[in-house]
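The structure appears below as structure tokens.
Every number in this text was worked out from the coordinates using simple rules, so none of it is lab data. Quick caveat: nothing in here was measured; it's all calculated off a predicted structure. Backbone-built Cβ (ideal geometry, glycine too); neighbour counts: all protein chains shown.
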Amino acid sequence: MNRVAVKIKEARIKSKMTEKQLAKKCGLTENYIMQIESGKKVINEKAAENILNILGEKIEFVCQQAMVEEKSPITKEAKREDKNKEVFQPIQPTEQWADALANIIRKFPIYEVNTNKIVSYKELPILNKKIEGYNWEKILFIQSPNNEMESLRIKKDDIITIYKTNEIHNNSIYLFEMNEKKMIRQLRKESNNKVSISTGTKGTDPIITELNKVKLIGKCVKVEFSLDNK
């Protein structure tokens, strides 16, 4: 177990926190914290610093210890013992792997549209404060409640990525609230501050209403589905 892993575990125990409690404060998973503390998960200095800051500890202590160990002389006897042992050769990380490890994986809830109940979670890496090009703080995940948007390839229980915005781009799909009810529909701005609301179903006329009656929550930017449901 490396020094960083030992330091994190000792600091957590000192703070009288469980792995689950620490994971919740860090926005990580309990399994991720357990892998870090056991030394199975490689963690970079920035991520370690974030965790230790939450625990009220400093990472400098860990780094200083590592530097002292590197400068300690190795005796001839120790070298001979090392030669007689089977040495594990670590895999050299690729550039993509190194980039992934340099970012923190966060746990995002998935909500049911009508009840706001959390139905599941997604674990995603934050790359430069973004998820697939979108600011992670403006991302929301919801579960489609029905098949009303099937014509536009959104079915019941599909997971939809929502980017929070107040702007309408014509013919895009949005999550919004109208008459105290949340819904997913295709929107289009019309003249005289009107907006058309459509399911995309052929032969069905869109609903035309006042723009100020539509409270935008966000734009649907991605849909994921399970093969078991298709």
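Here are a few things to note about the model shown:
- Formal net charge of residues neighbouring residue 195 (Cβ-Cβ distance under 15 Å; K, R +1; D, E -1): +2
- Listed residue pairs exceeding 28 Å between alpha carbons, taken from 40/138; 16/41; 14/129: 40/138; 14/129
- Here the convex hull built on the C-alpha positions of the range 105-229 has a volume of 112 cubic angstrom per residue.
- Gained length - residue 209 relative to residue 164, 0.36 nm times residue gap less alpha-carbon distance: 14.0 nm
- Under 5 Å, built H, 5+ apart or other chain: amide partners of residue 190: 195, 196
- Taken along the Cα-to-beta-carbon direction at a fixed 7 Å, the label points for residue 112 and residue 140 span 1.7 nm.
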